[in-house]
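*Asks:* There's a structure below that I have some questions on.
The values are calculated or read from the model by the stated rules, or taken from the named source; none is laboratory data. If you're wondering where the values come from, they're calculated on a predicted model, not measured in any experiment. Cβ coordinates were reconstructed from backbone atoms using ideal geometry, including for glycine residues, and neighbour counts include every protein chain displayed. Areas reflect the complete protein model, heavy atoms only, side chains present, ligands, DNA and RNA absent. Shrake-Rupley method; radii C 1.70, N 1.55, O 1.52, S 1.80 Å.
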Amino acid sequence: MRTLISNGTIVTTEGSSVADVLVDGETIALIGADLGGAGITADETIDASGKYVIPGAIDVHTHMELPFGGTFAKDTFETGTRAAAFGGTTTIVDFAVQSRGASLREGLDAWHAKAEGNAVADYGFHMIMSDVNDETLKEMDQLVAEGVPDFKLFTAYPGVFYSDDGAIFRAMQQTAKNGGLIMMHAENGIAIDIVANQTADSGMTDPYYHGVARYSIFEGEATNRVIRLAEAAGVPVYIVHLSSRDALNEVRAARDRGAMAFAETCPQYLFLSLEDMKNGFEGAKFVCSPPLRPKDHWDDLWTGLIKDDLQLVATDHCPFDFEGQKELGRGDFRKVPNGLPGVEDRVDLLHDGGVVGGRITRERWVELISTAPARLFGMYPRKGTVSVGADADLVVYDPNRRRTISAGTHHMDVDYSCYEGREVRGASDVVLSRGSVIVRNGEFTGKKGAGRFIKRSTADAARLA
Ligand code: URP
Ligand code: ZN
Ligand code: ZN
């Protein structure tokens, strides 16, 4: 099957130009001006006049079916990757979970079983490490060899995913040897639990107090601590879901002194705020960790994205229905499952708030949503770019189409949207995954199970730059 995408503006991190793209089978075969006029034929031509042609977006932080707070994140690999595709995201990297007392292998196998035969677009895995011991340290090397080279540890959630400094440092020492990357959820969970318990005990139990109790200074402290541990181990470290200027200041200071510190932020920290957590139990829709911050953090995070102290934007997609799931925390914010839906909306929110909003160029937008994730997470240049030989994961993107985000029309399997009623400019018209059209003008045309596991490599040069 050959597909010619004609006359679109190809946008990559390097620049933008009008050209045609010939897709042959699963990869990009040719890029050039007026390929049709030059005698190139195809089975199908997609007219991209007036539209962008961008590399399929990559979301390196999702949680399909994550067990949390006595329930499971609602999207499966089928519904989650399908929703992602509607929003222009053609690859996700999800977090497999090692349950306490089990092996990494068992956790990874369980996640392969959830994804294989179900995902409609490509996927990879990171590994959440719940126990650091001699056995799991050895297993890390094997996972790196199998294309799962990143390990998430937590300074948050005591009694659940929490690791102490010794465990984190041992895991970092192991990645110094095997080339893997430690990803850190950096909030001081021990201190947070003290404040959260004091807050709830004094009768402040609404979801809003989840946001109040998780001080941004606790995020800043943990961010500094894990970066310092990584410097001592001589390894890169990646801070996930960075939400506050306190944490950003630590990442910036570390990078300025030459430390190999990297970080992502998420749309919820750029577009939503602590104010959204008010309104009684409705605030549960916005309970995530780190929590939403006061609006005055937004500009700092945008500056971080502009100056590359933040390298990319991922979603931390972790959807729980309001009814029946978020409701588990009625009367006690500590019991609300933590997480928000978002995999479908990231590309458009960033286009609207970033490019249309005049904060970033369209080239930087492509870098934040696709190229940087591919580079940092060992998929480049197979993914994350529009170039000959790359996977034909492509999006024909209409920068002028307006759409209103709503739970009534989204494709994520969750009963609310954090952005209900928000109008955004920019939307994906046609989405290709390895050469096959999987979304066309609002219709899903892909296939359950067509997504493949992406075996990722270790540190790209960009990681160490
Ligand atoms: O609230 C969040 N972020 N839920 C998902 C789990 C995590 O910590 O990433
Ligand atoms: Zn986390
Ligand atoms: Zn997460």
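*Asks:* Among all lysine pairs in region 10-161 that are eight or more places apart or on different chains, how many have alpha carbons less than 23 angstrom apart? Let's see the in-between values first.
*Replies:* Values: 74/114; 74/152; 114/152; 138/152.
Within region 10-161, the lysine pair count is 4.
*Asks:* Turning to a different aspect of this structure: Out of all DSSP beta bridges in the chain, what portion is antiparallel? Express it as a percent rounded to 5. Please report the intermediate quantities before stating the final value.
*Replies:* Details: 35 of 71 bridges.
DSSP beta bridges in the chain are roughly 50 percent antiparallel.
*Asks:* Another question about this same structure. Distance between Cα centroids, region 225-240 to region 74-107: provide it in whole Å.
*Replies:* With region 225-240 and region 74-107 each reduced to a Cα centre, they are spaced 25 Å.
*Asks:* P(r) for region 1-123, please, calculated from all Cα pair distances in 5 Å bins and given in %.
*Replies:* Bins of 5 Å from zero give 2, 10, 15, 16, 14, 11, 9, 8, 7, 4, 2, 1, 0 percent of pairs.
*Asks:* Could I ask something else about it? By per-residue mean of other Cβ atoms within 10 Å, what is the highest-first order of 154-160, 18-24? All intermediate terms of the calculation are to be shown ahead of the outcome.
*Replies:* Working: 154-160: 18.4, 18-24: 20.9.
Ranked from most to least packed, the peptides come out as 18-24, 154-160.
*Asks:* I'd like to know how the chain sits against the 2.2 N^0.38 Å rule of thumb: what's its Cα Rg over that expected value? List each step's numbers first, then the result.
*Replies:* Working: Rg = 21.2 Å, N = 465, 2.2 N^0.38 = 22.7 Å.
Computed over Cα atoms of the chain, the ratio equals 0.93.
*Asks:* Within 9 Å, Cβ to Cβ, of residue 196, how many net charges do the neighbouring residues add up to if Lys/Arg are +1 and Asp/Glu are -1?
*Replies:* Details: positive: 214, 334; negative: 193.
Computed value for this residue: +1.
*Asks:* Quick check for you: with a 1.4 Å probe and neighbouring chains kept, what is the accessible area per residue of region 134-222, in Å²?
*Replies:* Normalised by residue count, the accessible surface of region 134-222 is 37 Å².
*Asks:* Right, here's the next one. For region 323-427, what does the convex hull of the Cα positions come to per residue, in cubic angstrom? If you can, show how the numbers build up before the last one.
*Replies:* Details: hull volume 15.4 nm³, N = 105.
Per residue, the Cα convex hull of region 323-427 comes to 147 Å³.
*Asks:* Amide H neighbours of residue 120 under 5 Å, at least 5 residues apart or on other chains, H built in the peptide plane: list them.
*Replies:* Those lying under 5 Å, H to H, from residue 120 are 81, 82, 449, 451.
*Asks:* For a quick protection proxy, order the peptides 189-199, 347-357, 64-74 by their average other-Cβ count within 10 Å, most packed first. It would help to have the intermediate numbers written out before the result.
*Replies:* Details: 189-199: 16.8, 347-357: 22.5, 64-74: 19.0.
Descending mean neighbour count gives 347-357, 64-74, 189-199.
*Asks:* Which whole-number percent is the relative contact order of the chain (Cα, under 8 Å, 6+ apart)?
*Replies:* 22 percent
*Asks:* With a point put 7 Å past each Cα toward its Cβ, work out how far residue 448 is from residue 177 in nm, to one decimal.
*Replies:* Reported label-point gap for residue 448 and residue 177 is 4.4 nm.
*Asks:* Relative contact order for region 173-306 using alpha-carbon pairs under 8 Å, separation at least 6, rounded to a whole percent? Each step should come with its number before you reach the end.
*Replies:* On the way: 207 pairs, mean separation 36.8, N = 134.
Across region 173-306, relative contact order equals 27 percent.
*Asks:* Let me know the whole percent of all Cα-Cα pairs from region 259-387 that are separated by more than 24 Å.
*Replies:* Working: 2876 of 8256 pairs.
Percentage above 24 Å: 35.
*Asks:* State the percentage of accessible surface on the chain attributable to carbon and sulfur atoms; use a 1.4 Å probe and exclude ligands, DNA and RNA. Display every interim value, and only then the final one.
*Replies:* On the way: 7540 of 15840 Å².
Percent of accessible area from carbon and sulfur atoms in the chain: 48.
*Asks:* Cβ neighbours within 10 Å, averaged per peptide: list 240-246, 134-140 in order, most packed at the top. Provide the component values of the computation, followed by the final result.
*Replies:* On the way: 240-246: 23.9, 134-140: 16.9.
Highest-to-lowest ranking by the protection proxy: 240-246, 134-140.
*Asks:* While we're on this one: Would you kindly state how much longer the chain becomes between residue 323 and residue 441 on full extension, computed as 0.36 nm times their sequence separation minus their alpha carbon distance, in nm to one decimal? Could the numbers behind the result be given before it?
*Replies:* Details: separation 118, 0.36 × 118 = 42.48 nm, distance 3.07 nm.
The span from residue 323 to residue 441 would gain 39.4 nm if fully extended.
*Asks:* Another question about this same structure. Counting pairs of alpha carbon atoms under 8 Å apart in space and at least six apart in sequence, what relative contact order in percent does region 355-465 give?
*Replies:* Details: 150 pairs, mean separation 28.0, N = 111.
Dividing the mean separation by the residue count of region 355-465 yields 25 percent.
*Asks:* Using just the helices of the chain, give the 222 nm mean residue ellipticity in deg cm²/dmol: DSSP H runs with n ≥ 4 each add -39,500 (n - 2.57), and the total is spread over all residues, rounded to 500.
*Replies:* On the way: 14 runs with 130 residues, N = 465.
Value at 222 nm, helices only, nearest 500: -8000 deg cm²/dmol.
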